[in-house]
Amino acid sequence: MNRDELVRCLDEILDSAKFADYCPNGLQVEGRPRVERVITGVTASQALLDEAVRRGADTVIVHHGYFWKGEDPRLTGLRRRRLGTLIRHDINLIAYHLPLDAQPQLGNNAQWARAMGWQPEGRFGNQDMGWWGSQESGSLGDLARRLEQVLGRQPLVIGEPERSIRRIAWCSGGAQGYIEAAAELGVDAYLSGEISEQTPHLAREYGMAYLACGHHATERFGVRALAEFLRREKGLDCEFVDLANPA
């Protein structure tokens, strides 16, 4: 497949033009024009780039790429090493941030819901990034145990384990700031990837549970689903690479 054709396809599927984001979505570093072997991953770390080189990939697709708003733009240190690896091996870097959280079938939040058996009913928050819906009735402890099975890590739980949970809201990654918007929906629990100092206070005062499930853990879904889609629908040699991250 031609690289530009692949980017156009992903732009369309992920509806990237509609998002006001913190980084450029789409092609970030230009490599070979012909795409034959692709790996996907959560973050374009040096470890992922080294794995791309080892596996002979010509294209890397990630959720967390480069060129974030407000960061130092100088190409020194690890930035120079990362970009040097891409350029030296003629590897394309393609990144989609918010579009890959929000996409209604392949996105992080959609795939998280599918893995957990949740029933989405609506969206909330800035750019409709948050999702809300319902699950089969059970306790907060039951929900935490199911999350540990699905995500491969134990969530940090704010709330009493025996509390009944039916209506929930969720948003992958660092979306703990949506907790007040979630509370306005009247949900029993809100789930995201991270937790801040004020989050437990807000959860308790709003009378809801909160579960911090891991930024990396909740954002593996989209790039994994994207790899499966590109294999199935586009016939690409594409593989998801999961590099362990406790965050």
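Taken together, the values in this text are just the output of simple stated rules run on the coordinates, not laboratory data. No experiment lies behind these values; they were computed from the predicted model shown. All Cβ positions, glycine included, derive from the backbone under ideal geometry; neighbour counts span all protein chains shown.
Below are the figures for this structure:
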| quantity | calculated |
| --- | --- |
| Choice from Met116, Met129, Met208 with maximal GNM fluctuation in the chain (Cα, 10 Å cutoff) | Met116 |
| Exposure proxy ranking, count of Cβ atoms within 10 Å, fewest first, for Leu156, Leu191, Leu100 | Leu156, Leu191, Leu100 |
| Using a Förster distance of 25 Å, the FRET efficiency for Asp90-Asn245 (Cβ separation, nearest 0.05) | 0.40 |
| Residues Thr218, Thr76, sorted so that the one with the fewest Cβ neighbours within 10 Å comes first | Thr76, Thr218 |
| Matching label, semi-axes √(5λ) of the Cα gyration tensor in Å computed from the structure shown, candidates (i) 32, 19, 17; (ii) 29, 24, 17; (iii) 34, 18, 16 | (iii) |
| Gaussian network model of the chain, Cα within-10 Å springs - most flexible of Leu78, Leu211, Leu202 | Leu78 |
| Hypothetical label at Arg232: residues of region 88-132 whose amide nitrogen lies under 20 Å (7 Å Cα-Cβ projection) | 100-120 |
| The chain: relative contact order as a whole-number percent, Cα under 8 Å and 6+ apart | 20 |
| Percent antiparallel among DSSP beta bridges (both partners in the chain, rounded to 5) | 45 |
| Rounded to 5, percent antiparallel among DSSP beta bridges of region 3-102 | 25 |
| GNM flexibility winner over the chain from Arg82, Arg153, Arg74 (Cα, springs under 10 Å) | Arg74 |
| Least to most buried among Ile158, Ile87, Ile61 (fewest other Cβ within 10 Å first) | Ile87, Ile158, Ile61 |
| Signed unit charges on C-beta, dipole axis of the chain, positive-most listed residue Thr218, Gln135, Asn245 | Asn245 |
